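Below is one structure, written out as structure tokens; the observations come after it.
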Amino acid sequence: MKAFTLSSLALALLLGGCQPAPSDTAGSTAAPQTASTAARSAQVEQAWWHDAVFYQIWPRSFYDTDGDGHGDFNGMTAKLPYLQQLGVNALWLTPMFEAPSYHGYDFTEFYQVESDYGSMAEFEAFIQAAEAKGMKVILDLVINHISSEHEWFTRSAAGEAPYKDYFIWRDDMPAAGSGWGHAWSDNDKPDAVWHWNDTRQQYYYAAFGASQPDVNLRHPDVAAEMEKMARFWLDKGVAGFRLDAVRFAMEGGPDAQADTAETIAYWQRFNQFVKSVNPQAYLVGEAWVDIPVAARYFGDGKGLDQGFDFEVGYKILGLLQQDTAGEAQFGTMQSNQQQVADAAVLSQNVQQRVDSVAPLSFFAPFLTNHDQERVAYQLKQHDAKAKLAAAMLFSSPGTPYIYYGEEIGLTQDRSGHDVFKRAPMLWDNSKQAGFTASDNSWVEQLELFGADFPNWWPDFLAEQLAAENRSVAAQQAQPDSVWQLYKFLIAQKKQRPELATAGSYQVSQLDIGVVLISRELNSSKSLFVLNLTDSVQDISAINREGLTPAWTFDTDGNNLAAYGLLVLQSAP
């Protein structure tokens, strides 16, 4: 048996900010911490987000109450009891500002909600209703770029003051081989990021496509307006922001388009402002990059409160699909494809977090989000594997995030376009799966996706409804469904002290292919037993002293089913 361990003492020391002597780390390597980092670590560990389980909502696809085929604010309000039953206590809304696109990452208004979703009053009612049920709400905030249809850009293109320098302009296209190109793909194609504007007769910088020009955050008026926007929404009662594309805030030149020192400093200033408005406001950053670089956004204790751990999802899903490897969109990740299921990658992931310049509590693990192929699609709708993925996620230290539908194994029709990953929620087996009373959902408005886009939804929906067990209602009626496991894991994450970041984390792998993940703090212990093989395994040799079964649907005596899960716990 192979064992890979991070001790409780090492993790607790990292959280508390004290640097242990080498003999006290029980084999762990603790990252050096400055006094400011130590103080911030101790302070933020008391923050609400360390006890949160986040649920990411794509508003357009969640629930439609007015029959127009688009999800809306009232729909989210109507489904708060469902979210409460599931057990989540924090919500992340993807963009809900007015925008010309279906996805909203190119908004045209800083202070208006997306009209497809309802009114400002309905948004405010949703925030208040969520708060009444003990749920925090954070918004997706895009500061790096805005729509080319925004008034700022049209006036900048016209050369009007003060908007003239609100964006980044140049007279000529950089030469091929000059280093300009998408920072996440190293394609060295300047025309991928520099775009011609006929009005101004110049090129403008837009890393995410011509319709989304990057704003010039070095301009004091631009920086001030972003702070004004943050204050406006905080005053509406939101609890913080998921910050989009944080790596690209301030480009430093062709060879420094991401992760510049100037970018890190910008987020430190932005955090300082946000905390001046609300000291408990939360900032989590999308830095789609390897852990050592992502950790820099902690900013020596002055930067973001948390950042997503993009690596853990790749590692977990890689263990469950040995013949594939994920690809990052808008991210820079090293390939970690595994040909043999070696659970050491889980400990290596946590050790990377520990060894980084940020405390372990900085990292928020998740499986997938709206830019990635859905879990069920990657796992070919293998529910047992989806359960193992969930167990690995929730046994990992940190604040977990769930993408809507993951709790029912929601899949997608195909790859190739983002809309497939962002389709309507399947609530029941009625027409349109209970998402809308309309005969058609928004994904059938094909003009949103370009010419000759296929009408894929009717066939996909019919296939899902025919399966009879893919909806929320169907899975709530099954005691051992994916939904029931998520409900169980969320409850354990909130109730069991060892599943907090300070609990020890140990991964062991038996020769038979069974993986043991142990979390322990003081006298409280949880043991996750995962069969990563396609055959039944005898687990009689596992030490169960002091532990009782908590999730046992996949066991028959001492036999653990193929891709089965057993959870054992000490008395509460």
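The values are calculated or read from the model by the stated rules, or taken from the named source; none is laboratory data. What you see is a predicted model; the values in this text were computed from it and never measured. Neighbour counts run over all protein chains shown; Cβ positions are idealised from the backbone, glycine included. Protein only, heavy atoms only, side chains kept; ligands, DNA and RNA dropped before computing areas. Shrake-Rupley method; radii C 1.70, N 1.55, O 1.52, S 1.80 Å.
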ask   = Tell me, what HN-Hα J-couplings in whole Hz come from the Karplus equation 6.51 cos²θ - 1.76 cosθ + 1.60 at θ = phi - 60° for each residue of the stretch 472-484, using x for Gly and Pro?
value = 4, 4, 5, 6, 5, 7, 9, x, 10, 6, 4, 4, 5
query = How large is ³J(HN,Hα), in whole Hz, for each residue of the stretch 201-211 in order, when computed from phi with the Karplus curve 6.51 cos²θ - 1.76 cosθ + 1.60 and θ = phi - 60°, using x for Gly and Pro?
reply = 6, 9, 9, 10, 8, 8, 5, 10, x, 4, 7
ask   = Mind checking the angle between helix 261-277 and the chain's longest principal axis? C-alpha axes, 0 to 90 degrees, to the nearest 10.
value = 80 degrees
ask   = LYS421: which lysines have alpha carbons under 17 Å from its alpha carbon, excluding same-chain residues fewer than 8 sequence positions away?
value = LYS380
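Using a 10 Å cut-off on Cβ atoms, rank the peptides 532-545, 355-368 from the highest mean neighbour count down.
Numbers: 532-545: 13.1, 355-368: 24.0.
Most protected by this proxy first, the peptides run 355-368, 532-545.
With a ≥ b ≥ c taken as the square roots of the eigenvalues of the C-alpha gyration tensor of the stretch 146-264, please select rounded if a/c is under 1.5 and otherwise prolate if a/b is larger than b/c or oblate if it is not? Kindly include the intermediate steps, with their values, before the conclusion.
Details: a/c = 2.18, a/b = 1.32, b/c = 1.65.
Cα axes put the stretch 146-264 in the oblate bin.
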request  = Quick one: which residues, 5 or more positions from TRP551 or on another chain, have an amide H under 5 Å from its amide H? H modelled 1.01 Å from N in the peptide plane, none for Pro or chain starts.
outcome  = VAL567
Label point distance in nm, PHE232-ALA541, each placed 7 Å from Cα along Cα→Cβ = 6.3 nm
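Just need the relative contact order of the chain here, percent rounded to a whole number, with Cα pairs under 8 Å and 6+ apart.
Numbers: 1206 pairs, mean separation 85.7, N = 572.
Computed over the chain, the figure is 15 percent.
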ask   = Okay, helix-only estimate at 222 nm for the chain: each DSSP H run of n ≥ 4 adds -39500 (n - 2.57), divide by all residues, round to 500 deg cm²/dmol; what do you get?
value = -8000 deg cm²/dmol
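Once a ≥ b ≥ c are taken as the square roots of the eigenvalues of the Cα gyration tensor of the stretch 108-179, is the result rounded (a/c under 1.5), prolate (a/b larger than b/c) or oblate (a/b not larger than b/c)?
Details: a/c = 3.99, a/b = 2.26, b/c = 1.76.
Cα axes put the stretch 108-179 in the prolate bin.
Take the Cα atoms of the chain, build their convex hull, and give its volume per residue in Å³.
Values: hull volume 86.4 nm³, N = 572.
Per residue, the Cα convex hull of the chain comes to 151 Å³.
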message = Quick check: residue separation of ASP511 and ALA466 times 0.36 nm, minus the Cα distance between them. What number comes out in nm?
response = 12.2 nm
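By the scheme Lys and Arg +1, Asp and Glu -1, what is the net charge of all other residues having a beta-carbon under 12 Å from that of ASP235?
On the way: positive: LYS228, ARG231, LYS236; negative: GLU124.
Within the 12 Å Cβ shell, the charges total +2.
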message = Using a probe radius of 1.4 Å on heavy atoms only, what accessible surface per residue do you get for the chain? Whole Å² is fine.
response = 36 Å²
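What does the charge add up to near ASP554, with Lys and Arg as +1, Asp and Glu as -1, over the other residues with Cβ less than 14 Å from its Cβ?
Working: positive: LYS385, LYS387; negative: ASP383, ASP480, ASP534, ASP538, ASP556.
Value of the local net charge: -3.
In the stretch 81-221, what % of DSSP beta bridges are antiparallel (nearest 5)?
Numbers: 9 of 13 bridges.
The answer is about 70 percent antiparallel.
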inquiry  = For the stretch 205-308, compute the orientation-averaged projected area of the C-alpha convex hull (one quarter of its surface), in nm².
reply    = 6.8 nm²
note = The answer for ASP305, listing residues at least 5 apart or on another chain whose modeled amide H is closer than 5 Å to its amide H, is LEU283
request  = Using the structure shown, select from LYS315/LYS385; LYS236/LYS302; LYS79/LYS487; LYS275/LYS302; LYS79/LYS136 the pairs with a Cα to Cα distance greater than 18 angstrom.
outcome  = LYS236/LYS302
request  = Output the peptides 226-239, 416-429 sorted from most to least packed, where packing is the average of other Cβ atoms within 10 Å over each peptide's residues.
outcome  = 416-429, 226-239
query = Amide H to amide H under 5 Å from VAL215: which residues, 5+ apart in sequence or cross-chain, H placed 1.01 Å off N in plane?
reply = HIS145, ILE146
query = Pairing the Cα long axis of helix 310-320 with the longest principal axis of the chain, what angle in degrees results, from 0 to 90 and rounded to the nearest 10?
reply = 50 degrees
note = Phi-derived 3J(HN,Hα) across the stretch 65-71 with the Karplus relation (6.51, -1.76, 1.60, θ = phi - 60°), rounded Hz, x for Gly and Pro, is 9, 10, x, 9, x, 10, x
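At 0.36 nm per residue, minus the direct Cα-Cα distance, what do ARG155 and GLU131 gain on full extension? Give it in nm, one decimal, please. Mind dumping the intermediate values first?
Values: separation 24, 0.36 × 24 = 8.64 nm, distance 3.94 nm.
That works out to 4.7 nm of additional length.
For SER211, what is the net charge nearby, where nearby means another residue's Cβ is under 11 Å from its Cβ and Lys, Arg count +1, Asp, Glu -1? Each step should come with its number before you reach the end.
Details: positive: none; negative: ASP106, GLU149.
Taking every other residue near SER211 into account, the sum is -2.
Averaged over all directions, how much area does the convex hull of the C-alpha atoms of the stretch 396-474 cover when projected, in nm²? Walk me through the intermediate numbers first.
On the way: hull surface 26.3 nm².
The number I arrive at for the stretch 396-474 is 6.6 nm².
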Set of lysines with alpha-carbon distance to LYS525 below 19 Å, sequence-local pairs under 8 removed = LYS493, LYS494
message = Quick check: at a probe of 1.4 Å, how many percent of the accessible area of the chain sits on carbon and sulfur atoms?
response = 48 percent
